[in-house]
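Each value in this text was obtained by applying a stated rule to the coordinates, not by laboratory testing. Please read all numbers here as calculations on a predicted model, not as lab measurements. We place every Cβ from the backbone using ideal geometry, glycine too, and count neighbours over all the protein chains shown.
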Amino acid sequence: MEEFKSLSELTVMDEKHRLMGAVCGSVPSLEGMHKYLSKETLNENVPLEIQNQFNIARNMALFSYYFYALCAEVHLKTYTIIERALKIRADSGKRHGLKYLMEMAVEEGWITDDGFRHIENPEPGNLWCKSMIKTMSELRNSQAHGGNMLVGDCLHHISVCADYINQLFSGEKNT
């Protein structure tokens with residue numbers, strides 16, 4: 001079990017970032033993480049409830065610099081924010097699960113591959129969005145029900161979350 005860190009110990013980067021950097025090839029800096037996360041914003045049409053939760057996730061991602069274990073929590077948080085945003089967008093009184101809502105979002109054209117910045121050459125047919133229906137549902141469930149999966153970058157999850165939500169609420173302003 002990881003020991004509770006004192007406040008003075010939290011002034012330096014969590015050593016696990018250095019260890020992951022040896023595997024992945026880059027070690028984050030606090031300034032770099034802050035700069036990256038500051039650019040991840042939601043459009044004005046996104047409901048305030050979702051904007052607030054997204055800001056919490058961004059702050060969690062930033063603080064993962066000091067406490068690496070927050071990365072997994074950021075992953076889970078982005079999945080739950082997307083699920084809540086989908087429920088709001090679907091505006092249905094029925095209780096639908098994440099997988100069903102993601103299928104609806106693809107079918108209705110609320111999300112498309114070309115709405116994600118990391119997809120350089122989106123193919124017709126929204127193959128990435130369709131693949132995410134199963135993948136995101138499984139990842140969310142594995143995080144929510146506990147597991148020992150080692151997670152790396154949580155910053156990319158923030159970016160994908162922003163792109164997903166901005167697509168869901170690209171029309172009129174919501175409150």
Please list, in chain and number order, the residues 5+ apart from VAL27 or on another chain whose amide H is under 5 Å from its amide H, with Hs placed from the backbone. none
Could you give the nm distance between label points at GLU123 and THR135, where each point is 7 Å from its Cα heading toward the beta carbon? 1.2 nm
Please tell me which of these pairs span more than 18 angstrom C-alpha to C-alpha: LYS99/LYS134; LYS77/LYS99; LYS94/LYS134? LYS94/LYS134
Using a Förster distance of 30 Å, the FRET efficiency for GLU15-HIS96 (Cβ separation, nearest 0.05): 0.10
Over the chain, cysteine residues that find no other Cys C-beta under 4.7 Å are CYS24, CYS129, CYS161
Hull surface over four for the Cα convex hull of the chain, reported in nm², is 11.4 nm²
Where the only charges are on Cβ atoms (+1 Lys, Arg; -1 Asp, Glu), what is the dipole of segment 13-168 about its Cα centre, to the nearest 20 debye? 400 debye
For segment 133-140, Karplus couplings with θ = phi - 60° (6.51, -1.76, 1.60), whole Hz, Gly/Pro x: 4, 6, 4, 5, 4, 5, 5, 4
Sum -39500 (n - 2.57) across every DSSP H segment of at least 4 residues in the chain, then divide by the residue count to get the 222 nm mean residue ellipticity, nearest 500. -18000 deg cm²/dmol
